[in-house]
1. Which of the residues spanning region 104-122 are crowded, with 17+ Cβ neighbours inside 10 Å and not in a strand (DSSP E or B)?
2. Quick check on region 211-220. Is at least one of its residues charged (D, E, K, R) and modelled with pLDDT of 95 or more?
3. Go through the residues of region 249-266 one by one and say whether even a single one is among the charged types (D, E, K, R) and either closer than 15 Å to Ile212 by Cβ or outside the structural domain of Val215 (by TED's automatic domain parsing) (or both).
4. Can Pro95 be described as farther than 30 Å from Ile197 by Cα and without any contact (Cβ under 8 Å) to a residue 12 or more places away in the chain?
5. Suppose we keep only residues that are within 17 Å of Thr205 (Cβ to Cβ) and in contact (Cβ under 8 Å) with a residue 40 or more places away in the chain within region 227-259. Which one would you say is nearest to the chain's Cα centre (by Cα)?
6. Which residue is nearest to the chain's Cα centre (by Cα), if the candidates are limited to region 131-171 and must be under 11 Å from Trp108 (Cβ atoms) and buried (at least 20 other Cβ atoms within 10 Å of the Cβ)?
7. Gly238: in contact with a helix residue (DSSP H, G or I) (Cβ under 8 Å, 6 or more places away or on another chain) and of a type in the set (Gly, Ala, Ser), yes or no?
8. Can you tell me how many residues in region 184-209 are of a type in the set (Gly, Ala, Ser), more than 21 Å from the chain's Cα centre (by Cα) and over 19 Å from Ile281 (Cβ atoms)?
Amino acid sequence: MTLSDLKISTDAPDLRQRAILAGILAAIVFGLIGCAADGPPRAPDLDDPFLSAHEIEVLQWRQRRHDRLSEPHGWLSLVGLEFLADGEYLVGTAPDNDIVVASGPSRWGTLQVVGREAWFVTAAGAAVRVDGRIVEEVELQPAGDDGAATLVEAGSVQMHLLSRGDGLALRVRDSAAPTLTRFAGLDYFPIDSSWRIEARWTEHTEARHLLIANVLGELINEPNPGLAEFERDGRTFGLEAVDAGDQLFFIFADRTSGRETYGLGRFLYADKPAPGATTVILDFNIAYNPPCAFTEFTTCPLPPPENRLDMRVEAGELTPGF
């Protein structure tokens, strides 16, 4: 799947200046301008009497978004993604390991993989913890199965397994990763209440699935509970939803994709309507970039053809560093 046809040619100077100015103004309000050496970003002044309730809501969301990205082992800490075949893998900082990490002992231990099962055997005397405990050998629980993933960590590095198709992958995080330590904040279009849209909600009466491709070329069928439709500039647009528990998840691209916003689309969550409800609130001011916008070590889903909007959504998060 490609989004190249969504990249359009425009009179870029005015649009680019507006987007850059929007990012600067949002950063000033949000306290995110500057580098890591300037200290943590200041929280937005929510007591500003000139802020509307909607602006306060969006600013609070942006602060939570920033805080999540800044977590020691959040998305910005990703430094590796290894797809594992059956076999044994030596893990550690020494260059002769099969999986080389940046922190901890020269030999962490051995990762043993058979199909969708894996075990970790700690090297003798290695200061490695598994779920906070020192163990000699343990079966590893991958993320994506029932229960939380088993965490193996030493120094600033943490790793865990992911279920991927019929096999396993190893995700590696490092709280000292440059993508995290150099993170200087996010830029946004100006908050615009006209992009908080009360859309029509049409629930699919029969069980349906939405075919979603990811950056690896894999196709996944996701539960598709309904369609959100809205009008903008005299035209009707629709977004197919993915069921996300008590929320709806939308993966979309638009005519800003690949220019002001990330080329492979953005994400948007909305509260799931109550049974029988006919509307849903889509607030594009809280549309945000997938993890792939920050790191190559992810497997992000891509917008399905149904959710490629022939319009400019000038709201939400801009491309990192735009």
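The values are calculated or read from the model by the stated rules, or taken from the named source; none is laboratory data. For clarity, every value in this text was computed on a predicted model and none was experimentally measured. Cβ placement follows ideal geometry from the backbone for every residue including glycine, while neighbour counts extend to all protein chains displayed.
1. Hits for region 104-122 are Gly104, Pro105, Arg107, Trp108.
2. We begin by selecting, within region 211-220, every residue charged (D, E, K, R); these are 218.
This time we only want the ones that are modelled with pLDDT of 95 or more, so: none.
No, region 211-220 contains no residue that is charged (D, E, K, R) and modelled with pLDDT of 95 or more.
3. Just the residues of region 249-266 that are among the charged types (D, E, K, R), to begin with: 254-255, 259-260, 266.
Narrowing the set further to residues that are either closer than 15 Å to Ile212 by Cβ or outside the structural domain of Val215 (by TED's automatic domain parsing) (or both) leaves 266.
Taking every residue of region 249-266 in turn, at least one turns out to be among the charged types (D, E, K, R) and either closer than 15 Å to Ile212 by Cβ or outside the structural domain of Val215 (by TED's automatic domain parsing) (or both).
4. yes
5. Only one residue tops the list, namely Glu240.
6. Narrowing region 131-171 to residues under 11 Å from Trp108 (Cβ atoms): 152-155, 157, 159.
Now restrict to residues that are buried (at least 20 other Cβ atoms within 10 Å of the Cβ): 152-154, 157, 159.
Details: Val152: 22, Glu153: 23, Ala154: 25, Val157: 20, Met159: 18 Å.
Per the stated criteria, the residue is Met159.
7. Working: in contact with a helix residue (DSSP H, G or I) (Cβ under 8 Å, 6 or more places away or on another chain): yes; of a type in the set (Gly, Ala, Ser): yes.
Yes.
8. Initially, region 184-209 is screened for residues of a type in the set (Gly, Ala, Ser), giving 184-185, 193-194, 199, 207.
Then keep just the ones that are more than 21 Å from the chain's Cα centre (by Cα); that gives 193-194, 199, 207.
So of that shortlist, the ones also over 19 Å from Ile281 (Cβ atoms) come out as 207.
Number satisfying all stated conditions: 1.
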